[in-house]
Amino acid sequence: NAGVTQTPKFQVLKTGQSMTLQCAQDMNHEYMSWYRQDPGMGLRLIHYSVGAGITDQGEVPNGYNVSRSTTEDFPLRLLSAAPSQTSVYFCASSADRNYGYTFGSGTRLTVV
Amino acid sequence: GEDVEQSLFLSVREGDSSVINCTYTDSSSTYLYWYKQEPGAGLQLLTYIFSNMDMKQDQRLTVLLNKKDKHLSLRIADTQTGDSAIYFCAENPYGGSQGNLIFGKGTKLSVKP
C-alpha cells in the first residue's frame, strides 16, 4: 500500500498563479484533511472532508478550494497564489475519526 | 476556543528518559494523540489515549493523562539519537463528530550522544 501520496513534493509559484496540490490515498479512508505547517505555528487545518461529496472549511480556508469527487482523491486548489501561502502542506486521511490520521510526506510550496 | 500548548524545546542525553508535556483546553476531547515528525517528513502517529484512561504504555513510550488538569505527557524511556524529532500533541475536539485534530506547536527533542 502506498498510503497517502502527495504531489508535487516541491513547487515554486509566482504571485497570482493558480495550481492544484494533489492528494490520493489507497486505504479507502472516509476522512481526509489538508493542513499547512508554518514555523512557530504548528499545523493549521485548511479544509476537510468526511466522505465523497462532502467538504467543509477549517481554521484557515481563505484562498483555497477543495473538492471530493471520489473517496481516494482530495485535491487542494490555490486560486491566486500569494506569498503568505508559502508553507508546507500536508494531506491526511483516516478510516476512523478517533484513531488518528495517516499523513502524506508533504508539499513544500514557495510563492515569490 | 480550543488550544493545545507545548513547550518548544527539550534536550536530553542519550539513555536518559524524556518527558514531553502538553495541556489542552477542550474537555470534550475523547482521544488525545502524540505524533512524531522527523526532518523533511510528514507526521507519524506514535500513540493515542482514550480520555477515560490514565495511562497507556507501548514499549518505550508511556502516556499519562490527567483529565482534571487537562494535562498530557509523553515519556520516552532510554532515549536514543533516533528519537530526535518534533513531537506534536493533538486533541480531537467536538467529541469526535468532525474527526479533525487541533495540534500544538510541537516540541523539538534533541538527543545528545
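For B:F50 and B:T25, what does the FRET efficiency come to when R0 = 25 Å and r is the distance between their Cβ atoms, rounded to the nearest 0.05? For R0 = 25 Å, the calculated efficiency reads 0.85. Legend: mean number of C-beta atoms from other chains within 10 angstrom of residue C-beta atoms, peptide B:41-47, equals 6. The H on the amide N of A:M19, modeled in the peptide plane, is under 5 Å from the matching H of A:L78, each at least 5 residues off or on a different chain.
Size estimate for chain A follows the Kirkwood approach: the inverse of mean 1/r over distinct Cα pairs works out to 13.9 Å. Loop-located chymotrypsin sites (Phe, Trp or Tyr not before Pro) across the range B:27-113 with a Cβ neighbour count of 16 or fewer within 10 Å are lacking, with loop assigned by DSSP. Output the relative contact order of chain A, whole-number percent, from Cα pairs under 8 angstrom with separation of 6+ residues. It comes to 36 percent, rounded to a whole number.
Can you tally the net charge around A:T20? Count Lys and Arg as +1, Asp and Glu as -1, for every other residue whose Cβ sits under 14 Å from the Cβ of A:T20. Before the final figure, lay out each step's value.
Values: positive: A:R68, A:R77; negative: A:D73.
Net of charged neighbours comes to +1.
Within the set of other residues whose C-beta is less than 10 Å from the C-beta of B:V111, count the net charge using Lys and Arg as +1 and Asp and Glu as -1.
Numbers: positive: B:R13, B:K112; negative: B:E14, B:D16, B:D83.
With Lys, Arg at +1 and Asp, Glu at -1, the neighbours total -1.
Using a Cα distance threshold of under 26 Å, what count of lysine pairs results for the protein assembly as shown when pairs must be 8 or more residues apart or interchain? Within the protein assembly as shown, the lysine pair count is 20.
Distance between the C-alpha centres of the range B:52-95 and the range A:67-92: 30 Å, rounded to the whole angstrom. The value of relative contact order for chain B, using C-alpha pairs under 8 Å at least six residues apart, is 38 percent. DSSP finds beta bridges in chain B, and of those with both partners inside it, around 90 percent are antiparallel.
Since every read-out is calculated from the coordinates, none of them should be taken as a lab result. Since we're looking at a predicted model, the values are computed, not measured. With ideal geometry, Cβ positions are generated from the backbone for all residues, glycine too; neighbour counts draw on all protein chains shown.
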